[in-house]
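Visitor: Here's a structure for you.
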Amino acid sequence: MNLWIIHWSEIGLKGKNRSFFENKLKENIEKQTGFKVKKIKGRFIVEGDLTEMINKIPGISYGLKIIGVFEKPEEIVKSLNFKESFTFKVITKRADKDWPETSIEISKKLMKLIMEKFPYLQVDFKNPQKKIYVEYFEKKFWVGLEKIVGIGGLPVGSSGKGLSLLSCGFDSPVASFLMLKRGMKLDFLHFYSYPQTSLLEKEAALEIFKILSSYQPQSCLYLSNILEVQKYLFNNVPKKYLTLFYRRVMFKIAKKLKEEKNLDALITGESLGQVASQTIQNILATTKDLDVLILRPLIGFNKQEIIDISYKIGTGKISEKNFQDCCLLFNPKNPITKASFEKIREIESSLTKLDELIQKSFEEIEVYHWPGK
């Protein structure tokens, strides 16, 4: 039997707009799995194998694989066929209160009947080797032995649309994941510098994009080659400011794309103080006049926290290969750590070809859809 009960947690805290979040989660489950979803008593019923998908859909608290649906507790015990010895406990939830016994009374009754049928089993309330889950609703008892914990959060698409600046490092994929988990639908923008950097880096970004795309129904990756802009900056900007100008160019291209696609915000993997370009002064100097909402979900994370999450979501194995990306190209040995916005604007005012090169890079952006159209 491939029948699952799906629960959510955070959505249950919503007020009058709760149905919006529930409908969005239902829509996402159907799109990502291909299975039909039915809502019953504050939960979803899905017929199909969700074993590999439960922890890929933001908004799901957990999924319970159902082994049978029964009208009476005694029927549950009759259906069980345990051969090995183990400790267990029964956990009962009632969505309907029309059954005469409480949840605790049902659990106690079932545990007693199970031990009578299988005398080699013992109840352990603290650390059972097996848990038997029972949910009562629609005048039936739904029973499961396998519970898979999801990633929680909010359903993708319930918190606006963003454009994530995606690199092959550890940080930006994790930042993207955290925004997906908060319900933001994401498109992705990757900058590269071919042929100065290898196409392997571009291919790695594509693999990371596909992994992140497994957490939402559809995704779009934009690829922008900024090599010519970087060469121009290298020849016309004081070396200690180069990294800041590379980042400033990326933000300007990203802003153009955000506005063209009618997105709500940009997302970056910046973490305060992690590298020279991410001091509070440099973050401000780089983006002060851009008039665009930039979300930085990792701003208070340390590197190890970020790396740990990257391996959990599946991007760490790629990021550990340490590809040379465009942020490291022509990188100065002694970058400035406390730049002023006034100095940035002063230097930029002398770069007469910069806007033209930015526009050219923007117009030559490649597009990759997943799943493909």
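Bear in mind these aren't lab numbers, they're just calculated from the coordinates by the rules spelled out. The shown structure was predicted, so the numbers you read here are calculated from the model rather than taken from an experiment. Cβ: placed from backbone, ideal geometry, glycine included. Neighbour counts: every protein chain shown.
Visitor: Taking amide H positions as placed in the peptide plane 1.01 Å from N, state which residues far from Leu186 in sequence (5 or more) or on other chains have amide H under 5 Å from it.
Guide: When sequence neighbours closer than 5 places are left aside, the close amide H contacts are Gly162.
Visitor: Rounded to the nearest 20 Debye, what is the dipole magnitude of segment 162-285 about its Cα centre when Lys and Arg each give +1 and Asp and Glu each give -1 at the C-beta? Spell out each step's value before the answer.
Guide: On the way: 15 positive and 10 negative charges, 62 e Å.
It works out to roughly 300 debye.
Visitor: Gain in length, Lys288 to Lys261, computed as 0.36 nm per residue apart minus the alpha-carbon separation, to one decimal in nm? Intermediate values should be presented prior to the final figure.
Guide: Values: separation 27, 0.36 × 27 = 9.72 nm, distance 2.24 nm.
Going from the current span to full extension adds 7.5 nm.
Visitor: Sequence neighbours fewer than 8 away in the same chain don't count; with that in mind, list the lysines whose C-alpha is under 21 Å from Lys303.
Guide: Within the straight-line cut-off, Lys303 pairs with Lys181, Lys312, Lys317, Lys321.
Visitor: Here is a further query. Using only helices, what value at 222 nm comes out for the chain when you add -39,500 (n - 2.57) per DSSP H run of length 4 or more and divide by the total residues, to the nearest 500 deg cm²/dmol? Write out the running numbers ahead of the final one.
Guide: Details: 12 runs with 134 residues, N = 373.
Taking each H run of at least 4 residues, the total per residue is -11000 deg cm²/dmol.
Visitor: Here is a further query. Please list the three semi-axes, largest first and in whole Å, of the ellipsoid equivalent to segment 240-279, using sqrt of 5 times the eigenvalues of its alpha carbon gyration tensor.
Guide: On the way: eigenvalues 103, 35, 4 Å².
Over the Cα atoms of segment 240-279, the ellipsoid semi-axes are 23, 13, 4 Å.
Visitor: Of the options Cys220, Leu199, Gly269, report the single residue whose Cα projects farthest towards the positive end of the charge dipole of segment 161-370 (beta-carbon charges: Lys, Arg +1; Asp, Glu -1).
Guide: Looking along the dipole axis, the top candidate is Gly269.
Visitor: A further question follows. When only DSSP loop residues count, what GluC sites (Glu not before Pro) in segment 120-152 have their Cβ near at most 15 other Cβ atoms within 10 Å?
Guide: On the way: sites: Glu135, Glu138, Glu146; in loops: Glu138.
Here the GluC sites (Glu not before Pro) that fit, given the DSSP loop and packing criteria, are Glu138.
Visitor: Mind jotting down the three principal axis lengths of segment 1-90 based on Cα atoms? Whole angstrom, largest first.
Guide: 45, 26, 24
Visitor: Do me a favour and compute the ellipsoid semi-axes for segment 161-370 from its Cα gyration tensor, root of five times each eigenvalue, largest one first, whole Å.
Guide: On the way: eigenvalues 128, 69, 58 Å².
Working through the eigenvalues yields semi-axes of 25, 19, 17 Å.
Visitor: With springs only between Cα atoms under 10 Å, which of Ala276, Ala254, Ala265 fluctuates most in a Gaussian network model of the chain?
Guide: Ala276
Visitor: Once both labels are modelled 7 Å past Cα along the beta-carbon direction, what's the Glu146-Ile280 spacing in nm?
Guide: For the pair Glu146/Ile280, the computed spacing is 5.0 nm.
Visitor: Okay, next question. Once phi is turned into θ = phi - 60°, what whole-Hz ³J(HN,Hα) does the Karplus curve with 6.51, -1.76 and 1.60 give for every residue of segment 92-102, x standing for Gly and Pro?
Guide: 10, 10, 10, 7, 10, 9, 7, 7, x, 9, 6
Visitor: Quick one: angle between helix 199-213 and the longest Cα principal axis of the chain, in degrees between 0 and 90, rounded to 10, please.
Guide: Here the helix axis deviates by roughly 40 degrees.
Visitor: Turning to a different aspect of this structure: Run the numbers for Gln122 and Tyr311: contour at 0.36 nm per residue of separation, minus the present Cα-Cα distance, in nm.
Guide: On the way: separation 189, 0.36 × 189 = 68.04 nm, distance 3.75 nm.
Additional length available on full extension: 64.3 nm.
Visitor: Further, regarding this structure: So who's got an amide H within less than 5 Å of the one on Thr279, skipping anything under 5 residues away but keeping other chains? H placed 1.01 Å off N, in plane.
Guide: Those lying under 5 Å, H to H, from Thr279 are Gly273.
Visitor: Take the cross-link list Lys65/Lys202; Lys38/Lys126; Lys117/Lys140 and give me the ones stretching past 32 Å between alpha-carbons. Walk me through the numbers on the way to the answer.
Guide: On the way: Lys65/Lys202 39 Å; Lys38/Lys126 34 Å; Lys117/Lys140 22 Å.
Pairs exceeding 32 Å: Lys65/Lys202; Lys38/Lys126.
Visitor: Tell me, what HN-Hα J-couplings in whole Hz come from the Karplus equation 6.51 cos²θ - 1.76 cosθ + 1.60 at θ = phi - 60° for each residue of segment 8-18, using x for Gly and Pro?
Guide: 10, 10, 5, 4, x, 8, 6, x, 5, 9, 4
Visitor: Through the Karplus equation 6.51 cos²θ - 1.76 cosθ + 1.60, θ set to phi - 60°, convert the phi angles of segment 312-321 into ³J(HN,Hα) values in whole Hz; use x for Gly and Pro.
Guide: 5, 8, x, 9, x, 4, 7, 5, 5, 6
Visitor: Roughly how big is the chain's charge dipole about its Cα centre, with Cβ charges of +1 (Lys, Arg) and -1 (Asp, Glu), in debye to the nearest 20? Walk me through the intermediate numbers first.
Guide: Values: 59 positive and 44 negative charges, 187 e Å.
With Lys and Arg at +1 and Asp and Glu at -1, about 900 debye.
Visitor: Something else now. Of the residues Pro119, Pro173, Pro297, which exhibits the maximal mean-square fluctuation in a Gaussian network model of the chain defined by a 10 Å Cα contact cut-off?
Guide: Residue with maximal mean-square fluctuation among Pro119, Pro173, Pro297: Pro119.
Visitor: Moving to a separate point now. How far is helix 227-236 tilted off the main Cα axis of the chain, in degrees rounded to 10, range 0 to 90?
Guide: Computed tilt is about 40 degrees.
Visitor: Tell me which residues come under 5 Å, amide H to amide H, from Gly68 once H is placed; ignore anything under 5 positions away on its chain.
Guide: The list, which skips near neighbours in sequence, is Val143.
Visitor: Turning to a different aspect of this structure: So which residue, out of Leu178, Leu154, Leu25, gets the largest mean-square fluctuation from a GNM of the chain using Cα contacts under 10 Å as springs?
Guide: Result: Leu178 has the largest fluctuation of those listed.
Visitor: Taking K and R as +1 and D and E as -1, what net charge do the other residues with C-beta under 12 Å from the C-beta of Tyr311 add up to? Intermediate results must be reported in sequence, preceding the final value.
Guide: Numbers: positive: Lys312, Lys317; negative: Glu305, Asp308, Glu320.
Here the count lands on -1.
Visitor: Rounded, prolate or oblate: which fits segment 255-304 when a ≥ b ≥ c are the square roots of the eigenvalues of the alpha-carbon gyration tensor, with rounded for a/c under 1.5 and prolate only if a/b beats b/c?
Guide: The shape class here is oblate.
Visitor: Pull out the extension gain between Gln359 and Lys83, defined as 0.36 nm times the separation in residues minus the alpha carbon to alpha carbon distance; nm, one decimal.
Guide: Values: separation 276, 0.36 × 276 = 99.36 nm, distance 6.94 nm.
Result: 92.4 nm gained on full extension.
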